[in-house]
Amino acid sequence: VGWPTELINRLAPAGSAERAPLSQHWAAALDRLSRDTTLSRGDRIDALGARIEVAKLLAGTAPLDPELLRQVRDIVARIDLDTTNPYERQAVIPSAGHVLADAGLLHDSDALLTAELPRAIAPYYHMLVLASNDRKRGDKAGALEWYEKAYGQSRGPATRLQWGATYVSALVELAPQDARQIDHVVSQIIAELPPQADTFYERNQRALQRIGRVLDQWNAKGAHTALVQQLHGKLGLVCRKLPPGDAARAQCDSAFDAPAASART
């Protein structure tokens, strides 16, 4: 189920005689898995998403088969109807919304996700998919509104840091002229950082590195040097609350200066 197009490309490169039959057999197997009610609903959604990937590989630049799109709608609708446990819905519905969007069914994805927001345990996951849908439409303002809502509703220090980094990245890409909002969001993220050792490792550190990289890209021509330096200074105030010589202090001091290769989330 995982990485179907990568595996097909490796096993049967474009132009090879084996590519079409291998892709078709793979698609048929994924189709069976997506309909197999002995599997978890999450696994079925994963299989459906992989099925769409293979279909897009086979279709090239052509539209996806309308019959496949009908099947995608039907499977998602059935899973939506059958999934009653709120914790299972939290896992399944955002994934289903993503699958619909990947199939080009943005309206269906929006409808599924927005209907779920009032009862979702953690709606900020759904909001990221809604933001992505608006980006695909070219609706920058709509996308940024969802990213802002998602960050605003995110809960837990690590999650808020990660969602905040995502929002900052979106701001820099979609509204680079909005220095005031970029300053506001990054400053808020820094203000929420607990000055303790485990703040500056693993998932948290990767999110901070991402923010640092994005700020560097935003300031590539030097137009925002003063503001970026101020933000570095705000992070430095947090770092100085950690003991000198402590490993976490060094991690904090270098968080915004990490190389791009290590700034992935």
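Nearest 500 deg cm²/dmol is fine: what mean residue ellipticity at 222 nm does the chain get from its DSSP H runs of n ≥ 4 alone, each adding -39,500 (n - 2.57), divided by its residue count? Before the final figure, lay out each step's value.
Values: 13 runs with 188 residues, N = 265.
Computed ellipticity for the chain at 222 nm equals -23000 deg cm²/dmol.
Residue-wise, which Karplus ³J(HN,Hα) couplings in Hz belong to the stretch 59-74, taking 6.51 cos²θ - 1.76 cosθ + 1.60, θ = phi - 60°, and x for glycine or proline?
Working through the residues one at a time gives 6, x, 8, 6, x, 5, 4, x, 5, 5, 4, 4, 5, 4, 4, 5 Hz.
When averaged across all projection directions, what area in nm² does the alpha-carbon convex hull of the chain cover?
The orientation-averaged projected area of the Cα hull of the chain comes to 16.6 nm².
Within the chain, what's the longest stretch lacking trypsin sites (Lys or Arg not before Pro) that sit in DSSP loops with no more than 13 other Cβ atoms inside 10 Å? Please list the in-between numbers first.
Numbers: sites that count: 155, 221, 240, 241, 264.
It runs 1-154.
Extending each Cα 7 Å along its Cβ direction at residue 32 and residue 229, get the distance between those two points in nm, one decimal.
A separation of 6.6 nm, rounded to one decimal place.
Have a look at 169, 125, 256 and report the one farthest towards the positive end of the charge dipole of the stretch 122-265, computed about the Cα centre with Cβ charges (Lys/Arg +1, Asp/Glu -1).
Checking the options against the dipole of the stretch 122-265, the answer is 125.
Using the alpha-carbon atoms, what tilt in degrees (0 to 90, nearest 10) does helix 157-174 show relative to the longest principal axis of the chain?
Long axis of 157-174 versus the principal axis of the chain: about 80 degrees.
Hey, in the GNM for the chain with a 10 angstrom Cα cutoff, which one of 82, 46, 139 fluctuates hardest?
82
Among the lysines, which fall within straight-line cross-link reach of residue 140, defined as a Cα-Cα distance under 21 Å, with same-chain neighbours fewer than 8 residues apart omitted?
Those lysines meeting the cut-off are 149.
Taking only Cα atoms, what is the 0 to 90° angle, nearest 10, from helix 225-239's long axis to the longest principal axis of the chain?
Around 80 degrees separate the two axes.
What spacing in nm lies between the two simple spin-label points modelled at residue 65 and residue 18, each 7 Å away from Cα in the Cβ direction?
2.3
Multiply the residue separation of residue 178 and residue 136 by 0.36 nm, subtract the distance between their alpha-carbon atoms, and state the gained length in nm to one decimal.
Between residue 178 and residue 136, full extension yields 13.0 nm more.
Give me the distance in nm between label points sitting 7 Å out from Cα along the Cα-to-Cβ direction at residue 247 and residue 9, one decimal.
With each label point 7 Å from Cα toward Cβ, the separation is 3.7 nm.
Computed from the coordinates by the stated procedures, all read-outs in this text should not be read as laboratory data. All values reported here derive from a predicted model rather than from experimental measurement. No Cβ is skipped: glycine too gets one built from the backbone with ideal geometry, and neighbour counts run over all protein chains shown.
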